Amino acid sequence: MTVPASRRHREGGFTLVELLVVVAILGIIGGAVTESIIIGLRTTTATEALVSGSFDRQRLATAFVPDMQSAQTVKVDEPACGPVATPPATRMPVVTLSRVDRGIVKSASYGMEWTGGGLKKLVRRYCEGGALVVQQVVVEPLDEAKAVAVPLNTADPVCTSASEACSLEVAVTEPRGVQSKYLVTASRRAT
């Protein structure tokens, strides 16, 4: 039995026009999916940088404000309390806040330390009686940190033992190159 020619033609598969239409539609869908993935990754990276910066600010405020409120003396560029493992060339003191509690000197030192690759971090070292109790990284990565008096006095812009309030100014460049500065301010309690 022979099959008519018109029926043999229909069983042959897809036409070239049909295949081209399908390829064009798949290309459009693939382009849209790729673009949405790229936008999602960019948004995720930016959000992670913002969250990281927010966490650094919160961690700095959580540590610095109570230290400043209880400080009886404020010294700028004072060496860190307790033994320091990093060599002097890789660290720079920023501010030390001290108080005497039941005859024991308690102090919190904030200083910049350089890590591998030239990155800096702000480290808080808390000591009692000259012995290191806690060391924690407060901000990382860090560009610059300095102690400034509040209100800013042009004649004496740093914190001193006579300053009623003191701020810690921190400059940070986020991983994506966005620079930001923030100021954490605290007042000393009246004695």
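Bear in mind these aren't lab numbers, they're just calculated from the coordinates by the rules spelled out. This structure is a prediction, so every number in the text was calculated from the model and none was measured.
Please give the length that would be gained between I39 and V23 if that part of the chain were fully extended, namely 0.36 nm times their separation in residues minus their C-alpha to C-alpha distance (nm, one decimal).
3.3 nm
Could you run the Karplus curve 6.51 cos²θ - 1.76 cosθ + 1.60 with θ = phi - 60° over region 12-29 and give me ³J(HN,Hα) per residue in whole Hz, x for Gly and Pro?
x, x, 8, 7, 4, 5, 5, 5, 5, 5, 5, 4, 5, 5, 5, x, 5, 5
Using modelled amide H (1.01 Å from N, peptide plane; none on Pro or chain starts), what sits under 5 Å from the amide H of V105, excluding residues fewer than 5 places away?
Residues meeting the criterion, in which the H sits 1.01 Å from N, are G129.
Could you pull out every residue, at least 5 positions away or on a different chain, whose amide H is within less than 5 Å of the one on V139? Hs are placed 1.01 Å off N in the peptide plane, and Pro or chain starts have none.
HN-HN under 5 Å from V139: L122.
Around T115, which amide H atoms from residues at least 5 apart in sequence, or from another chain, sit under 5 Å from its own amide H, with H modelled in the peptide plane?
K120, K121
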